[in-house]
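K.L.:
First, the structure itself, so that you have it in front of you.
Every number here is computed from the coordinates shown, using simple stated rules; none is lab data. All values reported here derive from a predicted model rather than from experimental measurement. Using ideal geometry, Cβ is built from the backbone for each residue, glycine included, and neighbour counts are taken over all protein chains shown.
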Amino acid sequence: MDAILKQKKIVKGKLTRLVSKIDDLQNQANSESIIELYEKDVNLIDTEVNNLNDYLLSTCTDEDFNRYEIEMHDLFSKLDTLKIILKEEMKKLVRNDNNTNACQNIANTNVNNLKLPRIELPVFTSNYMDWISFRDLFLASIGNNNTLSDSQKLQYLKLSVKGEAATLLQSIQITNYNYQKAWNALTERYENEAEIINAALNKLVSQPVLKQESASGLRKIIDTTQQCIDTTQQCIDTLQILKQPVEHWDTIIIFLLRGKLDPETLRVWTLEQTNKKNPSFAQFKYFVLGNRFFSQVPERKNICSL
């Protein structure tokens, strides 16, 4: 219990420092990369707080339960506030970019004389895994918007697609008649269950292997594993939407992610599996992100500086 209380103190310190940084963020000029960096930090701490909450409330005494529950609720509230602030800052950037590039975007679609209502558009970069999300967002904001003509919808559609998808629509002239033709061309190409599943599985197995064994290496494990878990969750979400049986895939996912760990981390993980039962993905996630052996890192600090 002492170790988890120490971890709680560390997480609260991280969150306090991040709150201060993001408060300052609102009073300065920002870029998309800066906001995305802070979003990554918030997501990392959010994962740590979730793991901490689950472990703390499941192991504490009944007398301490209410006190810890209030403490953890306060941490979750702060995280929610940070997420809202970052989302609003990103919206400001998008609005500014839309204002700056509106004329150029309209010129690129050869419709200089058509002024569109200002709408924040989803973007599709021709990645099969992004199609379902893009389709739903575009239909909700543009496709099912009865205040827009079909020619306006087609113009928005051309502004929303990049790469191969943009090439697919390049020769389609902007008319009311051609909107449905363009949308059908996209759905015929990307509404492809087999290709979406292949893209999801390829992303799952193509994650990088971690090799370092040092304090910096362990920090890299935490960052990269979070990236792996986020990517894996993205794959799982896509497959669940497509009604693939992924609810019992924990064994396969852990097998794939074990191969991404450095030898020392893999050794510690193996030693911890004492009950000889298949661990769940949640247990693997807690092991890597719960910093169970991270408290030992300072002992090897000098090695990392060589």
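K.L.:
With a point put 7 Å past each Cα toward its Cβ, work out how far Thr274 is from Phe65 in nm, to one decimal.
P.N.:
2.6 nm
K.L.:
How far is it, in nm, from the label point at Ala166 to the one at Asp54 when both lie 7 Å from their Cα along the line to the Cβ?
P.N.:
Each label point lies 7 Å from its Cα, and together they span 4.1 nm.
K.L.:
5 Å is the cut-off here: which amide hydrogens, built 1.01 Å from N in the peptide plane, fall below it relative to Val161, excluding neighbours closer than 5 in sequence?
P.N.:
Phe124
K.L.:
Suppose each label sits 7 Å from its Cα in the direction of the beta carbon; what would the Arg267-Glu193 distance come out to in nanometres?
P.N.:
About 4.7 nm separates the two model spin labels.
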